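These notes concern the structure reproduced below.
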Amino acid sequence: MLKQYPMLRYVLQKAFWYLLTFVVAVAINFTLPRMGENNPVDIIMGKAAQGLSPEQAKLKKETLLKAFGMAELDDQGNVIYDPEVDENGQVKMVKVPKKENGAVVLKTVKVTDAEGNPVMEERQKLDEQGNPVFEEKPVLDEKGKPVMEKDPKTKKKVAKVEQVAVMEQFQVERQDTVMIDTVLRKTDPRLASGISQFFVYIKNVFKGDLGLSYSQYPKPVTEIIKESLPWTLAIQAPTIILGWIVGNLLGAFAAYKRGIFDKVFFPCAMFLNGVPFFVFGMLLVALFSITLGWFPAMGAYSPDIPELTFTWNNIKSVGYYYVLPFFSVFPILLSGQATGMRSMSIYELGTDYMKYAKWLGLREGKIISYVFRNAMLPQLTGLAQSLGAMVGGALITEMIFSYPGLGMAMLTAIQQNDYATIQGCTLMISTCVLVANFAVDVLIAIFDPRVKAGLQMGGK
């Protein structure tokens, strides 16, 4: 069926291989932090479990194991702990307090001594209503004779009486915890198999869940990337687009006009093309920041701004801090595109169809358009390559200028052994490069007539 649609077949084939490359990148990201003795959860617990009780630490570890898809769960979604066994393979049992609704169950127990005899104690007797029972007894003097007193009614002397509590003997009781037999479990939960963990990781990646940062726990890695990515794109997008467009235009113009412009422009472009991003950035800092003091050496906006909002003062501050990072990358990218476009344009100008066009007397603008269009096709591939190099170059540029993009996020993560953040950033960079290369492959197939012809003739 797809033989009738060669372009669709080409796009699907490319999409399959790029998707396979993405899965391999995810597999590498999954494997690297698990190659050592410690897993991501152990690393986080080493930093986050301080000051927690054993029960709190256990619950936190279970939560992290579920989040990373590393623990095996039962039907209710609880972490499974394997039972302890003795030398004979029998499951060990242990008595634990019985609980109902989270509270320990208590029972009343009669107290006995070491020989098993009941421990008795005297207490006041109570009636059926629970009231204390008293009895009347005559009051005796020191000699044991009743004390006499005058009865106010009869005016006769009678023995004086008093209310005395009635005491009785009873066995001492106490409240004791109800204990039940339960299986003794291991302290470490049962981990899921590597294959199971990998598929959980794949599912989380496609859901946009890249785990939790170790250094900024419990902050998700995706949130760190969301905060850093706009700053990285602020450097990448303008430099890539402007550098590619302006560089190609200048390269084509230099190839067509030649003369003094080409003699000056081409050596300068070749020189800049060989300068690394970070070297050029440090030179700009040394000249315009340290020596002249025109621009700040680090940061993305003024430290006097408490919160970044879309106000004129904030935008002006961001633009002021943006100058050096932008110009540390833009001239180098422009020179690379210009030298490539110049070479391709010179080649196109020497082809037979260009000579024929000049003999036909086509106007200069038409000839330049043909040269630019045909020489630009290989530059589309260079665009994807520049994107990949630009991502790496921008990261180093951010580190030089302390720009709060992916570069600074990765530098902070590397300094604190935050593997989850490093993984997330590298996976994001890899994904962007793969998407860019795939888009360029599709664009070349659409705009390059040679590729179209090859597909229609059955080529791949």
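Farthest towards the positive end of the charge dipole of the range 149-209, among the residues Thr154, Met167, Gly208, is the Cα of Thr154, using unit charges on the Cβ of Lys, Arg, Asp and Glu. In debye to the nearest 20, how big a dipole does the range 89-213 give about its Cα centre with +1 on each Lys and Arg Cβ and -1 on each Asp and Glu Cβ? That gives a dipole near 440 debye. Angle of helix 6-31 to the longest C-alpha principal axis of the chain, folded into 0 to 90 degrees and rounded to 10: 40°. With the charge dipole of the chain set up from +1 on Lys and Arg Cβ and -1 on Asp and Glu Cβ about the Cα centre, the Cα lying farthest toward the positive end among the listed residues Thr108, Val246, Gly350 is that of Gly350. Return the FRET efficiency for the residue pair Thr426, Glu364: r is the Cβ-Cβ distance, R0 is 41 Å, and the value is rounded to the nearest 0.05. For Thr426 and Glu364, the calculated efficiency is 0.25. Rounded to the nearest 20 debye, the dipole magnitude of the chain is 2300 debye, with +1 charges on Lys and Arg beta carbons, -1 on Asp and Glu beta carbons, and the Cα centre as origin.
Amide H contacts of Phe134 (H built 1.01 Å from N, in plane; Pro and chain starts excluded): Val166 sit under 5 Å, all sequence-distant by 5 or more or on other chains. Fully extending the segment from Val105 to Gln171 would add 21.5 nm, taking 0.36 nm per residue of separation and subtracting the current Cα-Cα distance.
Tell me the relative contact order for the chain as a rounded percent, counting alpha carbon contacts under 8 Å between residues six or more apart. Relative contact order, the chain: 18 percent. The label-point distance for Leu59 and Asp75, in a model that sets each label 7 Å from Cα toward Cβ, rounds to 2.6 nm. Residues whose amide H falls under 5 Å from that of Tyr403, counting only those 5 or more places apart or on a different chain, are Gly299, with hydrogens built in the peptide plane. With every protein chain in place and a 1.4 angstrom probe, the accessible-area ranking of Ile224, Ile290, largest first, reads Ile290, Ile224.
In a reduced charge model with +1 at each Lys and Arg Cβ and -1 at each Asp and Glu Cβ, the range 192-268 shows a dipole moment near 240 debye about its Cα centre. What pairs in Lys60/Lys219; Lys257/Lys358; Lys61/Lys95; Lys14/Lys207; Lys66/Lys219 have C-alpha atoms more than 19 Å from each other? Cα-Cα > 19 Å for Lys61/Lys95; Lys14/Lys207; rest within.
Considering only Leu12, Ser430, Ala420, the residue lying farthest towards the positive end of the dipole of the chain is Leu12, judged by Cα position with unit charges set on Cβ.
Note on Met7 and Asn88: with the Förster distance fixed at 60 Å, the Cβ-Cβ geometry gives a FRET efficiency of about 0.30. Candidates [x] 158, 61, 41; [y] 54, 54, 47; [z] 66, 46, 38; which is the computed Cα extents along the principal axes in Å? Evaluating Cα extents along the principal axes in Å on these atoms matches [x].
Straight Cα distances below 26 angstrom link Lys150 to the lysines Lys137, Lys160, with same-chain residues fewer than 8 positions distant left out.
The values are calculated or read from the model by the stated rules, or taken from the named source; none is laboratory data. All values reported here derive from a predicted model rather than from experimental measurement. Using ideal geometry, Cβ is built from the backbone for each residue, glycine included, and neighbour counts are taken over all protein chains shown. Note: areas computed on protein heavy atoms with side chains; ligands, DNA, RNA excluded. Shrake-Rupley method; radii C 1.70, N 1.55, O 1.52, S 1.80 Å.
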